[in-house]
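Visitor: Supplied in structure tokens, the structure appears directly below.
The values are calculated or read from the model by the stated rules, or taken from the named source; none is laboratory data. Owing to the predicted nature of the structure, the values given are computational and were not obtained by experimental measurement. Reconstructed Cβ throughout: ideal geometry from the backbone, glycine too, with neighbour counts over all protein chains shown. Surface areas here come from the heavy atoms of the whole protein model, side chains and all, with no ligands, DNA or RNA. Shrake-Rupley method; radii C 1.70, N 1.55, O 1.52, S 1.80 Å.
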Amino acid sequence: MSVAAAPTAEAGVAVAVSPHPARRWRAWDWLLALILPVSLGIAWEWAVRAGHASGRLMPPPLRLAETAYALIKSGELQTHIAATMTRVGLGFAFGAVAGTAMGTLTGASGVMRRLLDPSLQALRAIPSIAWVPLFILWLGIFETSKLALVALGVFFPVYLGVLSAIQDVDRKLMEVGRVFGLSPFGLVLRIILPAIMPTWIAALRSGLGLGFMFVLAAELLGASEGVGFLLLDGQQMGRADSILVAMIVFAILGKISDSVLVGLSRPILRWQDTVRDRL
Amino acid sequence: MTHLAVQHVSKFYANGTQALADVSLHAGEGEILAVVGSSGCGKTTLLRLIAGLDQSSAGAIAVGGQVMHGTHPTISAVFQEPRLLAWLTVAGNIGFGGRRLKPAERDARTEALLGRIGLAGYGKRLPKDLSGGQQQRVSIARALIGHPGILLLDEPFSALDPFTRASLHDLLLGLWQELKPTVVIVTHDVEEAVFLADRVVVMRPRPGRVSETITPRLSRPRDKLSPLFDAAKRRVMQAIDRSLSEEHRPPPRQAADGSSLWW
Ligand SMILES: Nc1ncnc2c1ncn2[C@@H]1O[C@H](COP(=O)(O)OP(=O)(O)OP(=O)(O)O)[C@@H](O)[C@H]1O
Ligand SMILES: [Mg+2]
């Protein structure tokens, strides 16, 4: 047993000594991750070109590239992206601000929690898409109702994240704040808000994800522009390539927005002492 | 610097546990009081009441002659764990204890204290990059930057190795000599109590009471190897033994000052 264990221990020492043990193989990681999609794409492209498949329902990669290029050249894609991102951006801003404010309020005050949380939980039980008819009735079929839907989708994960994060704040740190003379408001500002920052960012990220889901729902239910409209239009025209391009655009937009959020939060979370960045 | 008087304080927790029963003690201006006693005899409870983090069920606590309610600007504390705010730098954490100071004054004192605790140049680091002993030193600096009248310490060194502990004893005494706060330190370590304290309060449990108070009567700086030091240690240990055997007997009629009974 001890003989078998020895090499492991030596390997452990070697890892500890090397300066950047974890991130040395980044380039290889990329290559490895790309093998599967790239080879599938090449195989499909070959299959269609060789006449083994028609590619009508599942266009090959180069067809998609052509379609995307045409959409960009005509400026259509940019218009759709701008419309969608405006809706997500504004809806996210409203939902995140409201969710954070409500979460802080109910988290920091027991009275507020007992007053507001039951009602909010009841509202949460309604599947958010079920609000669509009411929003359209109240706010019209144009932008406002779409924004409201996105904001609603963002609100709940942020609210719940902030509320539970506040309740999880270490009592011991609160005591430090009290011993050194912080007022209740000071405690929120100097202890609670920094302490919940990691969970808050995580909640914002899931809120952003839901924001994209809800913007898509709003656009599918009636819009004259937006990436979701492109998707619906492709279906009605029987153009699988447009649909796939729209799907890929959604993936890219989601990924970029999420990365921006992570990038913005990184300096704020520098202090975190976790095994691996929680993000 | 500030007189502290605990007068007939009792504490019942919500679950019915009586943690303290009629505890009275006082600490003169600039005096160092050590509190020792077996686990669960209410030492932490006592410090939390003095710090204003919890409320007594009966009795009063007076600071500088005035009965206090809640936390008090002149009382500061060092906890068993460093309890640094992870999102603030080392300098920010020290400055946190001096929130009532003007920024310039606070920065100057932070800088001075960083040097004092042997962490000059560490100001911009984050707590996670410090060792346990270094973190505890930062927490001591945080507690002292506001020049508190009363400093409370709850087993501040129990998680540290003997070398670090000895150096922190010297650090604490050095800072105490400069600022002369009244100090109440809870400890499990008899040697630590005798080394630091002007008087050692021995408590006994179920419910927590003051058993007796021992006065080491040693001049400073103290020599841990001297026979007088040993004798003082022995007196405290005997008092602890008595407090443990008393557990099984009804409480004595005679009040706290047991040292005169035996010596
Ligand atoms: N929040 C609480 N609720 C109920 N009972 C408590 C609470 N805190 C402490 N106690 C009880 O009060 C008594 C005194 O506890 P305390 O923590 O003051 O002891 P201690 O002397 O500090 O012990 P130790 O040396 O182990 O730190 C114990 O019996 C404990 O179980
Ligand atoms: Mg304790």
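Visitor: Kindly evaluate B:Gln55 against the criterion of being away from ligand 2 (no atom under 16 Å from the Cβ) and within 14 Å of another protein chain (Cβ to nearest Cβ). Outline the logic, then answer.
Guide: Numbers: away from ligand 2 (no atom under 16 Å from the Cβ): yes; within 14 Å of another protein chain (Cβ to nearest Cβ): yes.
Judged against the criteria, B:Gln55 is a match.
Visitor: Same structure again: Consider A:Leu220 against the criteria (1) away from chain B (no Cβ under 14 Å); (2) at pLDDT 90 or above: it satisfies all of them except one. Which criterion is unmet?
Guide: Failed condition: (2).
Visitor: Of all residues in the stretch B:27-52, which are surrounded by 20 or more Cβ atoms within 10 Å (Cβ to Cβ) and either in a strand (DSSP E or B) or away from ligand 1 (no atom under 11 Å from the Cβ) (or both)?
Guide: Within the stretch B:27-52, B:Ala27, B:Ile32, B:Leu33, B:Ala34, B:Val35, B:Val36, B:Gly37, B:Ile50, B:Ala51 meet the criteria.
Visitor: Something else about it: When you scan the stretch B:54-70, do you find a residue that is within 14 Å of ligand 1 (Cβ to nearest atom) and open to solvent by less than 30 Å² (accessible area, probe 1.4 Å), even just one?
Guide: no
Visitor: Being farther than 15 Å from B:His3 by Cα and small (Gly, Ala, Ser) is the filter; apply it to the stretch B:144-194 and report the residue that is farthest from ligand 1 (Cβ to nearest atom).
Guide: B:Gly174
Visitor: Going by the conditions given, is B:Gly70 outside any strand (DSSP E or B), assigned by TED's automatic domain parsing to the domain that holds B:Arg222 and away from ligand 2 (no atom under 16 Å from the Cβ)?
Guide: Considered against the rule, which asks whether it is outside any strand (DSSP E or B), assigned by TED's automatic domain parsing to the domain that holds B:Arg222 and away from ligand 2 (no atom under 16 Å from the Cβ), B:Gly70 comes out as yes.
Visitor: Please pick out the residue among A:Ile201, A:Ile196, A:Ile192 that is touching an Asp or Glu at 6+ places or on another chain (Cβ under 9 Å) and in a helix (DSSP H, G or I). Working first, answer last.
Guide: Numbers: A:Ile201 fails: touching an Asp or Glu at 6+ places or on another chain (Cβ under 9 Å); A:Ile192 fails: touching an Asp or Glu at 6+ places or on another chain (Cβ under 9 Å).
Exactly one residue qualifies, and that residue is A:Ile196.
Visitor: Now for a different question. Let me confirm something: among B:Leu173, B:Leu152, which residue is touching a helix residue (DSSP H, G or I) at 6+ places or on another chain (Cβ under 8 Å) and open to solvent by less than 10 Å² (accessible area, probe 1.4 Å)?
Guide: Only one candidate passes the filter, namely B:Leu152.
Visitor: Ok, one more. Would you confirm whether any residue within the stretch A:173-182 is open to solvent by less than 10 Å² (accessible area, probe 1.4 Å), more than 14 Å from chain B (Cβ to nearest Cβ) and assigned to a helix (DSSP H, G or I)?
Guide: no
Visitor: So, one more: Within the stretch B:75-82, does at least one residue satisfy the condition of being open to solvent by less than 30 Å² (accessible area, probe 1.4 Å), modelled with pLDDT of 90 or more, within 16 Å of ligand 2 (Cβ to nearest atom) and among the small types (Gly, Ala, Ser)?
Guide: Among the residues of the stretch B:75-82, at least one is open to solvent by less than 30 Å² (accessible area, probe 1.4 Å), modelled with pLDDT of 90 or more, within 16 Å of ligand 2 (Cβ to nearest atom) and among the small types (Gly, Ala, Ser), which makes the answer yes.
Visitor: Could you look through the stretch B:16-52, keep only residues that are among the charged types (D, E, K, R) and within 16 Å of ligand 2 (Cβ to nearest atom), and pick out the one that is farthest from B:Met203 (Cα to Cα)?
Guide: For the stretch B:16-52, the residue satisfying everything is B:Arg48.
Visitor: Picking from A:Ile191, A:Ile166, A:Ile129, A:Ile201, which residue would you name as being among the hydrophobic types (A, V, I, L, M, F, W, C), away from every other protein chain (no Cβ under 12 Å), out of contact with any strand residue (DSSP E or B) (no Cβ under 6 Å at 6 or more places or on another chain) and over 18 Å from A:Ala98 (Cα atoms)?
Guide: Exactly one residue qualifies, and that residue is A:Ile129.
Visitor: Only one of these is farther than 17 Å from A:Thr100 by Cβ, out of contact with any Pro (no Cβ under 6 Å at 6 or more places or on another chain) and either assigned to a helix (DSSP H, G or I) or open to solvent by 30 Å² or more (accessible area, probe 1.4 Å) (or both): A:Phe156, A:Phe214. Name it.
Guide: A:Phe214
Visitor: Right, another one. Against the condition within 12 Å of chain A (Cβ to nearest Cβ), open to solvent by 40 Å² or more (accessible area, probe 1.4 Å) and within 20 Å of B:Ser76 (Cα to Cα), how does B:Arg100 come out, does it pass?
Guide: Against the criterion (within 12 Å of chain A (Cβ to nearest Cβ), open to solvent by 40 Å² or more (accessible area, probe 1.4 Å) and within 20 Å of B:Ser76 (Cα to Cα)), B:Arg100 qualifies.
Visitor: Okay, moving on. Does the stretch B:84-93 include one or more residues that are outside any helix (DSSP H, G or I), free of Cβ contacts under 8 Å to residues at least 60 places away in the same chain and under 17 Å from the mean Cα position of the chain (by Cα)? Write out each step before concluding.
Guide: If we filter the stretch B:84-93 for residues that are outside any helix (DSSP H, G or I), which is where we start, we get B:84-89.
In the following step, the residues that additionally are free of Cβ contacts under 8 Å to residues at least 60 places away in the same chain were identified as B:84-89.
From the residues that got through so far, the ones that are under 17 Å from the mean Cα position of the chain (by Cα) too are none.
No, because not a single residue in the stretch B:84-93 is outside any helix (DSSP H, G or I), free of Cβ contacts under 8 Å to residues at least 60 places away in the same chain and under 17 Å from the mean Cα position of the chain (by Cα).
Visitor: If A:Gly254 satisfies every condition in (1) open to solvent by less than 30 Å² (accessible area, probe 1.4 Å); (2) within 14 Å of another protein chain (Cβ to nearest Cβ); (3) of a type outside the set (Asp, Glu) but one, which is the exception?
Guide: Result: A:Gly254 fails condition (2) only.
Visitor: Just give me the residues in the stretch B:186-220 being among the aliphatic types (A, V, I, L, M), open to solvent by 10 Å² or more (accessible area, probe 1.4 Å) and over 16 Å from B:Ser39 (Cβ atoms), in sequence order. It would help to see each step written out before you state the result.
Guide: Start the filter on the stretch B:186-220 by keeping residues that are among the aliphatic types (A, V, I, L, M), which leaves B:186, B:190, B:193-194, B:196-197, B:200-203, B:210, B:214, B:218.
This time we only want the ones that are open to solvent by 10 Å² or more (accessible area, probe 1.4 Å), so: B:190, B:210, B:218.
Across the stretch B:186-220, the qualifying residues are B:Val210, B:Leu218.
Visitor: Same structure, new question: Can you tell me which residues in the stretch B:141-159 are aliphatic (A, V, I, L, M) and within 16 Å of ligand 2 (Cβ to nearest atom)?
Guide: Answer for the stretch B:141-159, where residues must be aliphatic (A, V, I, L, M) and within 16 Å of ligand 2 (Cβ to nearest atom): B:Leu152, B:Leu153, B:Ala159.
Visitor: Related question: For the stretch A:106-123, enumerate the residues that are at pLDDT below 90, over 13 Å from A:Gly161 (Cβ atoms) and either open to solvent by 70 Å² or more (accessible area, probe 1.4 Å) or part of a helix (DSSP H, G or I) (or both).
Guide: Scanning the stretch A:106-123 gives A:Ala108, A:Gly110.
Visitor: Yes or no: B:Ser24 among the hydroxyl-bearing types (Ser, Thr, Tyr) and in a loop (DSSP other than H, G, I, E, B)?
Guide: On the way: among the hydroxyl-bearing types (Ser, Thr, Tyr): yes; in a loop (DSSP other than H, G, I, E, B): no.
The answer is no for B:Ser24.
Visitor: Which residue pairs have Cβ atoms closer than 9 Å, lie 6 or more positions apart in sequence or on different chains, and pair a first residue in the stretch A:50-66 that is within 15 Å of A:Met247 (Cα to Cα) with a second residue that is assigned to a loop (DSSP other than H, G, I, E, B)?
Guide: Listed by first residue and then by second, the contacts come to A:Pro59/A:Arg239; A:Pro60/A:Ala53; A:Arg63/A:Gly55.
Visitor: Here is a follow-up. Go through the stretch A:124-153 and report how many residues are in a helix (DSSP H, G or I) and open to solvent by 70 Å² or more (accessible area, probe 1.4 Å).
Guide: Count: 8.
Visitor: If you check every pair at least six apart or on different chains, which have Cβ atoms under 6 Å apart with a residue in the stretch B:33-46 that is within 14 Å of chain A (Cβ to nearest Cβ) first and a residue that is near ligand 2 (Cβ under 10 Å from one of its atoms) second?
Guide: B:Thr44/B:Asp154
Visitor: Looking at B:Val194, B:Val201, B:Val183, can you tell me which residue is within 16 Å of ligand 2 (Cβ to nearest atom) and under 17 Å from the mean Cα position of the chain (by Cα)?
Guide: Every option except B:Val201 fails the conditions.
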